[in-house]
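*Asks:* Dropping the structure in here first, questions after.
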Amino acid sequence: MSNYPIDNIRGDFPILQRTVHENKPLVYLDNAASTQQAQPVIDAVSRYHNQTHSNIHRGAHALAAEATDAYEAARRTVARFIGAASPNEIIFTRGTTDGINLVANSFGRARVEEGDEVLITEMEHHSNIVPWQMLCEQVGAKLRVVPVNDRGEFVWDEYERLLGPRTKMLAITHISNTLGTINPVRDIIEAAHRHDVTVLIDGAQAIAHMKVDVAVLDCDFYVFSGHKIFGPTGIGVLYGKESLLKGMPPYQGGGSMIRTVKFEKTTFEDPPFKFEAGTPNVSGAVGLAATIDYIESVGIERIAEHEHDLTTYGIEQLKQIDGLRMIGTAEQHAGILSFVVDGIHADDIGRLIDREGVAVRVGHHCTQPLMERFNVPATVRASVALYSTRDEIDTLVHAVRKAVNVMSRTCPVERTEVRPSGEDIERTQDRIVQEFNAIPDWEERYQKIIELGKRHPSIAESLKDEKWIVRGCQSTVWLHPDLKEGKIAFAAESNAMIVNGLIALLMRVYSNRTPDEILNTAPRFINEIGLSQHLSQARANGLAAMLEQIKNYAVVFKSVAASS
């Protein structure tokens with residue numbers, strides 16, 4: 001888009017000017033998880049805290065009046081932005097998840113009965129699955145699921161087959177957070193309404209990327225989060241038709257949502273206040289209004305066109321990488337590039353491209369059933385926004401190519417069984433430190449960890465059981481202890497190669513040691529070879545979880561030995 005003011009837009013987002021990992025320019029492509037904030041939004045929130053902050057609605061002083069005006073002005077801004085008939089149809093929440101839970105627990109409990117059905121799709125975020133599961137379990141209803149095809153598209157024939165006289169609720173995402181699929185929600189809603197089915201739309205991924213008009217859609221409920229639309233965290237919106245909101249019981253009790261309180265009975269305010277118990281996130285609402293003003297100044301249609309160009313270009317470039325497969329190839333697609341590479345775990349790709357300054361998301365993206373549908377444990381997900389550029393897509397593609405080359409190098413050493421070390425445990429740590437300190441460049445050290453992972457022996461398939469999984473690791477890690485002649489021999493493996501390399505180091509230090517040796521030895525090699533400085537927080541948390549489990553097993557075996 002030759003007339004798209006990309007330089008001006010990028011200049012409005014201060015975080016995009018920073019560098020990471022030894023002065024690599026930040027390439028932020030994790031917008032489906034959370035978007036960045038423009039300076040006008042940051043200034044609006046700061047100005048509120050500096051000049052206006054107060055509790056709202058009941059104060060008799062100037063600050064309270066100003067804060068109340070700002071909060072209710074934000075409600076009017078949101079209503080105008082999404083085409084609501086009245087500000088009374090806008091409820092401020094903590095985010096999308098909070099809004100869905102509100103509807104499930106208020107509307108759902110009042111309307112869904114034993115034997116009824118709630119309809120969702122195979123592509124839903126956990127936030128649009130779990131609340132409905134909980135509701136169905138509580139009232140004896142049934143959760144039905146509309147499948148997706150191999151392109152990641154809504155299967156219309158199955159939807160029409162599942163709609164029936166017992167269907168009371170449909171909850172569906174507007175845009176899939178994993179696939180980027182744009183669902184034909186207007187047609188879906190129309191079909192649901194012909195069966196008198198109430199419809200909630202999860203708009204978390206749509207609100208910043210396309211024009212949303214709830215009146216045109218005719219949805220009954222629409223939810224989204226501020227941080228998905230370049231606003232603050234901790235603020236979200238539930239739109240509901242006023243006629244429905246008036247008939248719904250309160251979700252939470254407390255201040256602000258009551259009209260009168262007596263020990264015998266409490267009466268409640270009308271919507272939206274009935275659903276906003278307690279002190280709200282006033283600064284969040286102010287920031288949300290400011291980000292809506294910013295988006296409108298750029299133009300949501302221009303943003304959508306810009307992002308469509310980037311998404312199309314990104315798919316074309318990524319598909320040229322050998323072994324790379326896109327997950328989600330719907331004809332109607334927006335903003336999300338989700339992919340896997342044959343033989344390489346997504347976690348390994350994500351960590352390596354992070355070293356190039358590229359921020360993406362790896363994992364199941366809170367869509368585990370969808371991962372099972374496509375038979376993958378995780379994907380790499382890059383996601384664009386109004387400030388993304390083709391140059392950033394090029395950097396992503398270059399980084400992925402480099403990561404694939406690193407992970408595909410042939411390991412010069414054959415896989416061999418790890419033998420128990422007869423040396424002192426501290427001497428083992430010294431030897432690891434010496435080996436790594438002989439490698440001055442951290443990229444080469446990282447390559448050594450990958451090579452260690454390739455050499456590390458696989459464990460028996462029988463040990464890859466749920467009970468041996470280490471909780472707290474981003475990838476899957478199995479850790480099995482076996483006490484022999486007073487020493488604990490560990491068998492461990494991960495489905496991510498870099499984690500496998502870390503496991504190999506831990507096994508060298510701790511496997512085939514007595515419980516006392518394990519419990520009395522701190523893993524100082526982690527700091528001394530630079531892992532503490534160079535591991536991502538997710539990796540560091542996983543390493544800590546593995547260490548904790550190793551120590552826990554040592555405690556258990558020591559206790560067993562003491563009691564026998």
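The values are calculated or read from the model by the stated rules, or taken from the named source; none is laboratory data. Predicted model, so just to flag it, every value in this text is computed and none were measured. Every residue, glycine as well, gets a Cβ built from its backbone with ideal geometry; the counts of neighbours run over all protein chains shown.
*Asks:* For residues in segment 525-564 being charged (D, E, K, R) and under 30 Å from Gly357 (Cβ atoms), which is modelled with the highest pLDDT?
*Replies:* Glu528
*Asks:* Any chance segment 156-165 includes a residue that's in the same structural domain as Met248 (by TED's automatic domain parsing) and crowded, with 21+ Cβ neighbours inside 10 Å?
*Replies:* Looking only at segment 156-165, we keep the residues that are in the same structural domain as Met248 (by TED's automatic domain parsing), and these are 156-165.
Adding the requirement that they be crowded, with 21+ Cβ neighbours inside 10 Å leaves none.
No: segment 156-165 contains no residue that is in the same structural domain as Met248 (by TED's automatic domain parsing) and crowded, with 21+ Cβ neighbours inside 10 Å.
*Asks:* Continuing with this model, one more query. Which is surrounded by fewer than 17 Cβ atoms within 10 Å (Cβ to Cβ), out of contact with any Cys (no Cβ under 8 Å at 6 or more places or on another chain) and at positive phi, of Gly299, Gly357, Gly328?
*Replies:* Answer to the check: Gly299.
*Asks:* Collect the residues in segment 77-105 that are among the hydrophobic types (A, V, I, L, M, F, W, C) and assigned to a helix (DSSP H, G or I), keeping them in residue-number order.
*Replies:* Scanning segment 77-105 gives Val78, Ala79, Phe81, Ile82, Ile100, Leu102, Val103, Ala104.
*Asks:* Further question: Could you list, in sequence order, all residues of segment 30-76 that are surrounded by 15 or more Cβ atoms within 10 Å (Cβ to Cβ), of a type in the set (A, V, I, L, M) and in a helix (DSSP H, G or I)?
*Replies:* The answer is Val41, Ile42, Ala44, Val45, Ala64, Ala65, Ala67, Ala70, Ala74.
*Asks:* Going through segment 316-346 one residue at a time, which ones are assigned to a strand (DSSP E or B) and either under 19 Å from Glu153 (Cβ atoms) or touching a strand residue (DSSP E or B) at 6+ places or on another chain (Cβ under 8 Å) (or both)?
*Replies:* Step one: list which residues in segment 316-346 are assigned to a strand (DSSP E or B), which gives 324-326, 333, 336-341, 344.
Matches in segment 316-346: Leu324, Arg325, Met326, His333, Ile336, Leu337, Ser338, Phe339, Val340, Val341.
*Asks:* Moving on. Please go through segment 451-480 and pick out each residue that is over 26 Å from the mean Cα position of the chain (by Cα) and either of a type in the set (A, V, I, L, M, F, W, C) or in a helix (DSSP H, G or I) (or both).
*Replies:* Glu451, Leu452, Gly453, Lys454, Arg455, Ile459, Ala460, Glu461, Ser462, Leu463, Leu479 - these are the residues of segment 451-480 that are over 26 Å from the mean Cα position of the chain (by Cα) and either of a type in the set (A, V, I, L, M, F, W, C) or in a helix (DSSP H, G or I) (or both).
*Asks:* Right, Ala171: closer than 18 Å to Met123 by Cα and among the aliphatic types (A, V, I, L, M) or not? Spell out the reasoning first.
*Replies:* Numbers: closer than 18 Å to Met123 by Cα: yes; among the aliphatic types (A, V, I, L, M): yes.
Spelling it out, Ala171 is indeed closer than 18 Å to Met123 by Cα and among the aliphatic types (A, V, I, L, M).
For (1) of a type in the set (A, V, I, L, M); (2) more than 18 Å from His126 (Cα to Cα), each residue gets a yes or a no:
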| position | (1), (2) |
| --- | --- |
| Ile349 | yes, yes |
| Leu352 | yes, yes |
| Arg355 | no, yes |
| Val358 | yes, yes |
| Val362 | yes, no |
| Thr367 | no, no |
| Arg373 | no, no |
| Arg381 | no, no |
| Val384 | yes, yes |
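*Asks:* Same structure again: Restricting attention to segment 374-400, which residues are surrounded by fewer than 17 Cβ atoms within 10 Å (Cβ to Cβ) and assigned to a helix (DSSP H, G or I)?
*Replies:* Result: Arg390, Asp391, Asp394, His398.
*Asks:* Is it the case that Ile450 is in the same structural domain as Asn495 (by TED's automatic domain parsing), at pLDDT 90 or above and surrounded by 11 or more Cβ atoms within 10 Å (Cβ to Cβ)?
*Replies:* Judged against the criteria, Ile450 is not a match.
*Asks:* May I pose another question? Among the residues of segment 478-487, which ones are touching a helix residue (DSSP H, G or I) at 6+ places or on another chain (Cβ under 6 Å) and either in contact (Cβ under 8 Å) with a residue 60 or more places away in the chain or farther than 26 Å from Phe436 by Cα (or both)?
*Replies:* Residues satisfying the conditions are Leu479, His480, Pro481, Leu483.
*Asks:* A follow-up question, please. Of all residues in segment 360-373 being under 21 Å from Gly343 (Cβ atoms) and of a type in the set (A, V, I, L, M, F, W, C), which is surrounded by the most Cβ atoms within 10 Å (Cβ to Cβ)?
*Replies:* The selected residue is Val360.
*Asks:* When you look at Ile129, is it in contact (Cβ under 8 Å) with a residue 40 or more places away in the chain, touching a Pro at 6+ places or on another chain (Cβ under 6 Å) and either buried (at least 17 other Cβ atoms within 10 Å of the Cβ) or not assigned by TED's automatic domain parsing to the domain that holds Thr279 (or both), yes or no?
*Replies:* Considered against the rule, which asks whether it is in contact (Cβ under 8 Å) with a residue 40 or more places away in the chain, touching a Pro at 6+ places or on another chain (Cβ under 6 Å) and either buried (at least 17 other Cβ atoms within 10 Å of the Cβ) or not assigned by TED's automatic domain parsing to the domain that holds Thr279 (or both), Ile129 comes out as no.
*Asks:* Right, next: For a quick check of your reading: which helices (runs of 4 or more DSSP H) sit entirely within segment 513-564 and have at least 2 residues that are in contact (Cβ under 8 Å) with a residue 40 or more places away in the chain? Show your work before the answer.
*Replies:* Working: elements: 515-520, 525-528, 531-534, 537-563.
Answer list for segment 513-564: 515-520, 525-528, 537-563.
*Asks:* Can you confirm whether segment 179-195 contains a residue that is among the acidic types (Asp, Glu), under 25 Å from Asp157 (Cα atoms), buried (at least 19 other Cβ atoms within 10 Å of the Cβ) and at pLDDT 95 or above?
*Replies:* no
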